Amino acid sequence: MAKFWSVSADSEMGELWLDGRALRDIQGASRLEQKVAEVFELLRDPIYRYVCRLIGKRAEAEDLTQETFLRLYDSLKKGHTMGNARPWLYRVAHNLAIDWLRQQGRLEQIEEEALPMVAVIDAAPNAEQRLLVGERRKRLRAVLSRLSPQQRHCMFLRAEGLSYREIGEVLGIGVSSVATFLGRAIKRIAEDVNEQ
């Protein structure tokens, strides 16, 4: 049986390589569907979280996540090959999310649901705990609103475990630019936290 993808140990998630030669050997659409389904199971949740952070709408994020994997299937079905599928999928998801935001006239807007999750202390927090969690979300929203869109995108992708190289591939920028955006974002967050 041909090996269609592999996960390397370079990072927590690793790189997801789709072997072009093996993909060309696929005899039927059902095998391709099976392999895309395996990739879907591996990357569905991280892609969904990233899209949800960008657009702040859960149902729409689910739709865009599904569309991302449909585009992977269509691309592979047409015979296109790729190296590491993970940044390719994030780039497609990123572009779909940006297009959706542009259509909604909300390209620069950050929704509360788009913020990284703040840990919930327990299932039924008391009033003081709810107040503290609400205050953390408010401060985090304020800090993130002061970052540039590029800095936010780099932060969200890094939070999903992508390497600097993969983030650069997703956003279409160089590794040095990724490092600069992340460095500036971290500096800005540190400055804002120390002011409070």
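What follows is calculated from the coordinates using simple rules that are stated; it is not laboratory data. Predicted model only: the values in this text are computed from it and were never measured. A quick note on method: Cβ atoms are made from the backbone with ideal geometry, for glycine too, and the neighbour counts reach across all protein chains shown.
Quick notes
- Protection-proxy order for peptides 170-177, 74-81, 33-40, each taking the mean of Cβ atoms within 10 Å per residue, highest first: 33-40, 170-177, 74-81
- Extension gain (nm, one decimal) between Lys77 and Glu135, 0.36 nm per residue minus Cα-Cα: 16.0 nm
- Take 153-160, 64-71 and order them by the average number of nearby Cβ atoms within 10 Å per residue, most first; the result is 153-160, 64-71.
- Each of Ile189, Ile47 has some number of other Cβ atoms within 10 Å of its Cβ, and from fewest to most they run Ile189, Ile47.
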